[in-house]
Every structure is written in structure tokens, then in C-alpha cells.
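Participant: Dropping the structure in here first, questions after.
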Amino acid sequence: MISTQAVQCATAPAVLPIRNGLAPSYCWLPPGQWPDLLSFLIQRFPAISATVWRERMARGEVVDAAGNALHTTSPYRAGLQIFYYRELPQETPIPFREQILFQDQHLLVVDKPHFLPVTPGGRFVQETLLVRLRQQQDLPDVSPIHRLDRETAGVVIFSLQRASRGAYQALFRERAVQKVYEAMAPFRADLALPLNYRSRIEATNDPAKPFFCMQEVAGEPNAETHIDILQRHGDLAHYELRPLTGKTHQLRVHMAALGVPILNDAFYPLALPCKGDDVSQPLQLLARSIAFTDPLSGAPRHFCSLRQLCAGLPDLA
């Protein structure tokens with residue numbers, strides 16, 4: 001078994017060109033004994049057949065860091081960096097469209113729909129926001145400054161220039177960004193709002209749950225959310241959520257812990273079976289707005305989603 005930590009894969013620099021909006025991926029080969037590179041690739045990526053790897057290599061689409069083509073008989077060399085394109089034989093189209101809210105020479109701000117991943121991963125490659133933008137807007141250097149879950153809709157900010165990217169990334173790293181979310185969830189008359197909810201969130205160690213799920217544990221709080229109610233709708237309520245920290249799934253974990261899990265949440269409080277391509281019940285969580293002081297101009301920036309939460313289908317516009 002090859003450790004997933006030992007093989008590091010990510011979006012690659014431009015050894016191979018961007019193709020159909022998709023940048024190549026890369027791997028650092030871990031220590032180990034394989035008779036050749038093909039044997040390693042077959043074991044590391046069991047979902048990809050030997051025939052597919054042979055075809056990719058025959059097309060010159062598996063290369064080293066110098067751009068030299070690698071072949072089926074290339075020897076396995078630990079520490080070698082290899083580059084390749086991710087491909088999926090079939091990918092279900094996501095019928096919801098993104099909307100551009102703002103663009104200048106440095107930033108692109110997009111209103112993301114539910115169900116659309118921000119970046120390629122798993123069973124989504126072409127049907128991702130990043131690849132769509134590269135293809136449709138002809139923006140080869142576009143890169144997300146932060147992420148939203150596939151299930152979450154709302155404001156996502158992209159960088160358009162490598163030279164200024166670090167300055168905007170630092171805003172998120174240093175928590176100099178004000179984020180406001182909205183959610184639909186059950187109403188609790190005994191829940192005194194507004195409140196600041198704090199807890200310690202860590203990755204779950206429950207083998208029955210997906211590896212990416214999080215859980216609350218005892219210890220010093222590392223996650224804090226300001227929660228208020230905007231409006232009641234019978235047994236449901238429209239909440240405003242302001243994350244003061246940025247832990248994975250923080251808002252979903254905190255709302256579930258308070259007994260008001262976000263409507264249509266498939267992970268919290270219980271991990272439900274995978275919904276596959278079912279898009280009939282979007283998670284009722286929206287990244288409503290992002291505000292910050294621009295690190296280059298010093299001007300205030302405020303971007304707001306045009307989408308609305310509802311208990312039914314998401315907006316198809």
C-alpha cells in the first residue's frame with residue numbers, strides 16, 4: 001500500500017501547457033521498489049488502467065520536470081517529479097452557471113452556484129469553476145485565493161496575476177477578511193441569539209465517516225462563529241453566520257452542534273450516503289459577502305452574492 005502522504009499531487013507549473021482549461025498535475029515519486037514507472041502508476045492509481053497510462057505515454061503526456069517524455073519502460077526513480085493530465089472518461093454536466101461580479105487587472109470575483117467545485121478533484125475535472133473560467137474567459141493564470149465547498153454557493157475570489165497573488169492570499173492567512181454567510185436551518189425558540197459559539201474542531205477519527213468530516217473535541221477552542229437570526233419562516237429560520245476563524249466545515253459543525261443543522265447537510269450531524277449526481281436538495285448555505293481593505297490600493301472592497309437561499313431547487317440562471 002502506498003501512503004497518500006508519500007505521493008504529493010497538486011496543480012503543476014507549466015511543464016505541460018494548460019489543456020481545455022486544465023493545468024497538469026504532478027507527483028513526487030516516493031521511496032520504493034518498482035520495476036518501472038508504469039508499474040508504480042498502475043498501483044498508485046488503481047482506477048486508471050494500464051492501457052490508459054500506455055496511451056498517455058505514447059502521446060507524450062507523462063513527462064519529468066525538464067519536460068522529457070517518460071515511457072512504459074522508464075525506470076522508477078524515487079524523488080523524480082512527474083507531470084500528467086487528469087482525465088475522466090465521463091463527467092456529469094453540472095447545470096448551474098456561475099456569474100462574474102467584478103473584474104480588474106488583479107482580481108476576478110465570481111458568484112458560484114451550488115454543486116460546482118472550485119478546483120478539479122475526485123470525479124470533477126472539466127465541471128469545476130476554475131476550469132470553466134480558464135476556458136470561457138481565456139484566463140490561463142487565474143487561480144483561487146480561497147475555497148468554498150462544492151455544496152456551498154456564493155462569493156469566490158480569484159487572482160489574475162502571479163505578481164500580486166501573494167498580497168491577497170496574505171489577507172486570508174492573516175484573517176484580515178470579513179466573511180458573511182447565510183443559512184437556512186431549523187428554528188429553536190430556546191436558542192438565545194445573537195451568540196458567539198466557540199469549540200475545538202479536529203478531523204474525525206471515526207472510520208464510519210468520510211475522511212474529510214470534522215468533529216468537535218474537548219480542549220482549547222480553535223473555531224469561533226458569530227450567529228444571528230435574520231428571519232423566521234415557520235419551523236425554519238434564516239441565519240447570518242460570521243466565521244471568526246477558518247476551520248474546515250466550521251459553520252456546518254457549529255450549527256449541527258447547536259441542534260440546528262443546516263438544511264440538506266449530508267455530513268452533519270450524520271454522514272448520509274453519497275447523493276451522487278442528485279442536485280435536487282442543495283445545501284442551504286451561501287457565502288453572502290466578503291469585505292477587506294485592498295492591499296495594493298488601500299481602497300475598501302466589498303463583494304456580495306446575488307443568489308438567494310430557498311428550500312427547493314437552486315437558481316438555474
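Read the figures in this text as sums done on the coordinates, not as results from a lab. As the structure is a prediction and not an experimental result, all values here were calculated from the model. Positions of Cβ are generated from backbone atoms using ideal geometry, with glycine treated the same way; all protein chains shown enter the neighbour counts.
Participant: Can you tell me, using C-alpha contacts under 8 Å and at least 6 residues apart, the relative contact order of region 212-317 as a whole percent?
Facilitator: 16
Participant: Ok, one more. When DSSP beta bridges are limited to those with both residues in the chain, what percentage is antiparallel, rounded to the nearest 5?
Facilitator: 95
Participant: Taking the chain as a Gaussian network, Cα atoms linked when under 10 Å apart, which of Tyr85, Tyr76, Tyr26 shows the biggest mean-square fluctuation?
Facilitator: Looking only at Tyr85, Tyr76, Tyr26, the biggest GNM fluctuation is shown by Tyr76.
Participant: What's the magnitude of the charge dipole for the chain around its Cα centre, counting Lys and Arg as +1 and Asp and Glu as -1 at the beta-carbon? Answer in Debye, nearest 20.
Facilitator: Magnitude of the dipole: close to 440 debye.
Participant: Okay, next question. Got a sec? Charge dipole of the chain, +1 on Cβ for Lys and Arg, -1 for Asp and Glu; which of Pro186, Phe212, Leu133 is way out at the positive end?
Facilitator: Looking along the dipole axis, the top candidate is Leu133.
Participant: Still on this structure: P(r) tail for region 124-220, what percent of Cα pairs lie past 22 Å?
Facilitator: Cα-Cα pairs of region 124-220 separated by over 22 Å account for 56 percent.
Participant: Okay, moving on. Would you give the gap between the C-alpha center of region 58-92 and the C-alpha center of region 141-204, rounded to a whole Å?
Facilitator: Each part's Cα centre sits 35 Å from the other's.
Participant: Can you give the convex hull volume per residue for the Cα atoms of the chain, as a whole number of Å³?
Facilitator: 158
Participant: If the reach is capped at under 13 angstrom between alpha carbons, list the aspartates and glutamates near Lys275, excluding any in the same chain fewer than eight residues apart.
Facilitator: Glu151, Asp265
Participant: If the cut-off is 21 Å between C-alpha atoms, which lysines fall inside it for Lys179, apart from same-chain ones fewer than 8 positions away?
Facilitator: Reachable lysines: Lys112, Lys247.
Participant: Is there a quick way to get the dipole size of region 105-241? I mean about its Cα centre, with the Cβ of Lys and Arg at +1 and of Asp and Glu at -1; what is the value in debye to the nearest 20?
Facilitator: In total the dipole reaches around 460 debye.
Participant: P(r) for region 230-317: what percent of alpha-carbon pairs falls in each 5 Å bin, starting at zero?
Facilitator: 3, 11, 18, 21, 20, 14, 7, 5, 3, 0
Participant: Please name whichever of Tyr76, Gln99, Leu116 sits farthest to the positive end of the charge dipole of the chain, dipole taken about the Cα centre and charges placed at Cβ: Lys and Arg +1, Asp and Glu -1.
Facilitator: Of the listed residues, the answer is Tyr76.
Participant: At Arg59 and Arg175, where each label point lies 7 Å from the Cα along Cα→Cβ, what is the point-to-point distance in nanometres?
Facilitator: 4.6
Participant: If I fit a long axis through the Cα atoms of helix 162-173 and take the longest principal axis of the Cα atoms of the chain, what angle between them do I get, 0 to 90°, rounded to 10?
Facilitator: Approximately 40 degrees, to the nearest ten.
Participant: Moving on. Mind checking which of Ala58, Leu270, Ala256 is farthest towards the positive end of the chain's charge dipole, using Cβ charges of +1 (Lys, Arg) and -1 (Asp, Glu) about the Cα centre?
Facilitator: In the chain, that residue is Ala58.
Participant: Which whole-number percentage describes the relative contact order of region 68-115, with Cα contacts under 8 Å and a sequence gap of 6 or more?
Facilitator: Across region 68-115, relative contact order equals 25 percent.
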